[in-house]
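Chemist: Once you've had a glance at the structure underneath, I'll fire off some questions.
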Amino acid sequence: MKSSFNRLTIALLIVFAFGSFVLAQDTRDPLKIEIFKRFTDNRGTHLDLAYQAAKDYLQKYAGDKDKYTDYLQKWIMYYERDLAKKSADEIDNYVRGEMTAQHIPGLSLCVVHNGRIVKSAVYGLADVELNVPVTGDTEFSIASMTKSITASAIMLLVQDGKLSLDDHISKYFEGLPETWQPITIRHLLSHTSGIKDHFRDYPFYPPLKLDRKLEYTDEEYLKAHIDAGLNFTPGAQWAYCSSGCTLLGMMITKVTGKPYGDFFRDRIFAPLGMTRTHLISLKNIIPNRAHGYQWEDGALRNGNYTGQTYAGALM
């Protein structure tokens, strides 16, 4: 670490020496002098402030292509490189400790500092039985984080004028009972619909009695929820409900005329360059797929099998 900061010191001295010369030649810009003063005032024990001052300067003079801005960019590069080295051991030790405590077989991570990746790393195994390590290409299921993607898709359709958050879901599903008539898209998004959950993610209400190992058509899935009745009057309470997310996926298909996974791909993943993000398929071969596990009775075990009806909401 001492050698790292020695390099930083040398880089700073070069910046200051050349920067002083530049300022001497360019005294007509008070803001430039003020920003450089901030930078030099913070150079001693506040490298983080110096770093931010340098970033501010480069943002202000983004169009400049002189040697002074080149030196600042090099200093920023040195700073970020040393920041990553300084934090590497601390981060690695923390992550490995949490993996042990929480019985996590493998994971990958990315640390972003001021908009730049300063650390990316992989740990552990993607497949414990076959002893396959996690790599940068490993694909993990994100489980209920898919809900934010589904919500984003719904908001895109609101933006397109295809639906409204206050639409009653009876507009998109026929044959709903009277008790379901008040339910809106907003209720599904905010977990306030009263619909029973097909998982047991919210323990204060009984889950829907469906066999998670089987597959169901959209009509069978909806009918099972209707027959089970609501937990409470729509809007009266809050209870986490994965079923609402599945119904939103069905709604996206109805409104767009295409499978909701295709809508995700066309409107979210492709524009963002997310070329390896997709809906889970239990039948398709997905290269580098990580296996799922759970901790049960003091041992790591294979995750419970889940039918495609449930897995379809995951990526």
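Chemist: Can you name the residue in the stretch 163-209 that is among the β-branched types (Val, Ile, Thr) and under 30 Å from the mean Cα position of the chain (by Cα) and is also surrounded by the most Cβ atoms within 10 Å (Cβ to Cβ) among such residues?
Modeler: Only one residue tops the list, namely Ile195.
Chemist: Considering Leu188, Leu165, Leu156, Leu176, which residue is outside any helix (DSSP H, G or I), among the aliphatic types (A, V, I, L, M) and touching a residue at least 40 places away in the same chain (Cβ under 8 Å)?
Modeler: Leu176
Chemist: In addition: Every residue in the stretch 173-210 that is at pLDDT 80 or above and among the charged types (D, E, K, R), please.
Modeler: Passing the criteria: Glu174, Glu178, Arg186, Lys196, Asp197.
Chemist: Within the stretch 84-103, which residues are touching a strand residue (DSSP E or B) at 6+ places or on another chain (Cβ under 6 Å) and modelled with pLDDT under 65?
Modeler: Residue satisfying the conditions is Ala84 alone.
Chemist: Working carefully through the options Ala126, Ala101, find the one that is under 18 Å from His278 (Cβ atoms), more than 16 Å from the chain's Cα centre (by Cα) and either touching a residue at least 40 places away in the same chain (Cβ under 8 Å) or not assigned by TED's automatic domain parsing to the domain that holds Leu247 (or both).
Modeler: So the residue among Ala126, Ala101 that is under 18 Å from His278 (Cβ atoms), more than 16 Å from the chain's Cα centre (by Cα) and either touching a residue at least 40 places away in the same chain (Cβ under 8 Å) or not assigned by TED's automatic domain parsing to the domain that holds Leu247 (or both) is Ala126.
Chemist: Moving on to the next point. So Arg267 clears everything in (1) within 17 Å of Ser170 (Cβ to Cβ); (2) assigned to a helix (DSSP H, G or I); (3) modelled with pLDDT of 95 or more except one condition, right? Which one?
Modeler: Evaluating Arg267 over (1) within 17 Å of Ser170 (Cβ to Cβ); (2) assigned to a helix (DSSP H, G or I); (3) modelled with pLDDT of 95 or more leaves (1) as the failure.
Chemist: Look at Gly106 and say whether it is in contact with a strand residue (DSSP E or B) (Cβ under 6 Å, 6 or more places away or on another chain) and at negative phi.
Modeler: yes
The values are calculated or read from the model by the stated rules, or taken from the named source; none is laboratory data. Computed from a predicted model, the values in this text were never measured in an experiment. Cβ atoms come from the backbone with ideal geometry, glycine included; neighbour counts cover every protein chain shown.
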